[in-house]
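Shown next, in structure tokens, is the structure this report addresses.
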Amino acid sequence: MVVSENPHVVHTGLNGGRPATPNAPSSALEPPLSSLQIPAKPSHSPSATSVSSIDSRYESPLPAEGLSPIVGLGWFLMACVVGYVVIWPFSDVPLRSMLMLDSPWFFAWYVGLVQLQAAVFLVSRMAIRALGAKYKDEQKADGWILTTASGVVLTVCGVYVIPVTLAEGDLLGAGFRAVVASNPTALQVVCVLFVAALHTDCVLGTLFYPRTIDVLSGWVHHGVYTVIMLYALASKQVWIFMLFGIDEIPTVMLGIGNIHVPWRFDWSFGIAFWLTRVVWHTCVLGLLLYHRIWMADVRLSVTLVFVTLSLAMHCHWITNWASKKVKNHRNKKKEGKGE
């Protein structure tokens with residue numbers, strides 16, 4: 001990528017590019033640019049300052065260099081250890097089972113799905129360039145390929161399990177407990193796919209998009225969710241996890257907006273985020289609380305902690321996002337009156 005001295009022009013593409021010369025005559029012969037030039041709005045523009053705090057990789061400028069893989073792996077392992085230390089005393093699942101040492105099928109599926117997702121990434125990466133996708137940053141676009149792909153799979157699973165759960169009726173009684181305890185093999189494989197996606201993202205990130213893999217949203221996040229997914233598999237709570245599959249709808253929208261900028265729709269993303277990660281989370285949290293308190297389901301203890309913390313985090317993100325959108329709207333109105 002070539003960074004122009006002009007702060008209002010961004011050059012992207014495989015082979016870089018160079019800024020157009022403003023005073024050059026139109027008849028001047030120049031070699032064709034292999035990159036896309038996307039004019040960026042000045043910093044005082046409301047659209048340019050509409051920074052979403054929901055995902056730092058989407059708006060924040062990338063660092064000049066990526067984090068060292070050794071340092072990143074250290075953060076990843078530390079997040080995993082802390083996660084297990086927090087979960088283990090409150091869980092009736094043996095540590096050996098939480099590490100999937102009693103489940104050889106897990107490692108067979110894991111290896112195959114890692115290879116599959118690596119192939120998906122490489123093919124998608126070539127397709128994005130061949131189709132002429134308009135992205136602001138090459139590494140940022142690459143960094144969203146696997147996230148978007150796994151988000152689509154989880155969304156489909158969420159769309160499936162929610163109607164099935166509601167069709168059981170008796171959400172406050174045995175019907176809900178029966179469907180949640182069903183633990184179908186297909187959903188277990190999807191959970192393994194998600195774990196494989198987390199780890200593949202770390203490996204490919206160090207090779208293809210190192211500047212997008214930061215400590216918090218990259219290595220630590222992937223370590224924590226590795227523990228969550230292994231716990232869901234070991235405690236047979238994959239159905240509960242898939243109830244939150246539709247949370248990935250805004251993630252998919254965010255990924256598509258990074259891969260192809262014209263398909264970015266801020267308000268649609270914000271509304272989807274609020275409906276799935278705040279409203280839906282609140283509804284499911286209330287249901288889980290009822291079953292934990294009144295039906296003494298000990299398996300839900302750790303799950304409730306995760307759901308509660310994630311809900312609080314989502315509320316914080318969407319509040320910041322909405323406040324910035326309102327502020328930008330007011331600034332735009334003031335600029336309109338000033339003109």
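Where a number appears in this text, it was derived from the coordinates with a stated rule and is not lab data. All of these numbers come straight from a predicted model, not from anything done at the bench. We place every Cβ from the backbone using ideal geometry, glycine too, and count neighbours over all the protein chains shown.
Using the Karplus relation 6.51 cos²θ - 1.76 cosθ + 1.60 with θ = phi - 60°, the per-residue 3J(HN,Hα) values for the range 110-122 come to 4, 4, x, 6, 4, 5, 4, 6, 5, 5, 4, 4, 5 Hz, with x marking Gly and Pro.
At an R0 of 56 angstrom, the distance between the Cβ atoms of LEU131 and ALA174 translates into a FRET efficiency of 0.65. If you plug the beta carbon distance of PHE90 and LYS236 into 1/(1 + (r/R0)^6) with R0 = 22 Å, you get a FRET efficiency near 0.85.
Model label sites at LEU116 and VAL203, defined 7 Å from Cα along the beta-carbon direction, differ in position by 1.5 nm.
FRET efficiency for the SER124 to SER97 pair, using the beta carbon distance and R₀ = 30 Å, is estimated at 0.30. What the phi angles of the range 276-286 give under the Karplus curve with 6.51, -1.76 and 1.60, with θ = phi - 60°, is a coupling list of 8, 8, 10, 5, 5, 4, 4, 5, 5, 4, x Hz, glycine and proline written as x. Give the value in nm², to one decimal: projected area of the alpha carbon convex hull of the range 68-265, averaged over all directions. For the Cα atoms of the range 68-265, the hull's average projected area reads 12.2 nm².
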